[in-house]
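Read the structure below first, then the notes.
The values are calculated or read from the model by the stated rules, or taken from the named source; none is laboratory data. Predicted model only: the values in this text are computed from it and were never measured. Side chains are part of the model used for accessible areas, which takes the heavy atoms of the whole protein and leaves out ligands, DNA and RNA. Shrake-Rupley method; radii C 1.70, N 1.55, O 1.52, S 1.80 Å.
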Amino acid sequence: MEITLTGTAAEKLSGRIAGKDGFIKLKYDIDGCGCVVSGVAALWLVDELDEDDREIKTNTGSIYVEKSKEVFLDENLTIDFSEKANCFQLKSPNQYLNPRMSFIDKTK
């Protein structure tokens, strides 16, 4: 899997995590979605990694993805930021996986 951040996304992400310790996860969140195949991708800042997390080196640093959820993501991903919508976007050459992706700070 390959993940690239656009310059705008990298700048916005740095601003959101400034001064905080933790790990960035590309989380395929299924809470409240009804079933495993109905998840929503989100960016999480977490204190600890899970045993299932795999490190993906990006053009700006590491992002972690749950190995068991990789099947729901495309092989080549881009994380962008929409100024108009004021949110992150997850896309691939084939589709938008989440055009309004949240950033959630899960650190304590």
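Quick notes
- Note on residue 27: lysines with a C-alpha under 21 Å away, same-chain residues under 8 apart excluded, are 12, 57, 67, 69, 91, 106, 108.
- Euclidean distance of C-alpha centroids, the range 94-108 and the range 50-69, integer Å: 14
- Across all C-alpha atoms in the range 2-105, the radius of gyration and Dmax reach 12.9, 37 Å.
- The residues of the chain expose on average 58 square angstrom of accessible surface per residue, using a 1.4 Å probe on protein heavy atoms.
- Size descriptor, Kirkwood hydrodynamic radius, that averages inverse alpha-carbon separations across the range 45-108, Å: 13.1
- Residue-averaged [θ]222 nm for the chain, counting only DSSP H segments that reach four residues, each worth -39500 (n - 2.57): -3000 deg cm²/dmol
- Measuring nothing but how far apart in sequence close Cα pairs (under 8 Å, 6+ apart) lie, relative to its length, the range 16-108 scores a relative contact order of 27 percent.
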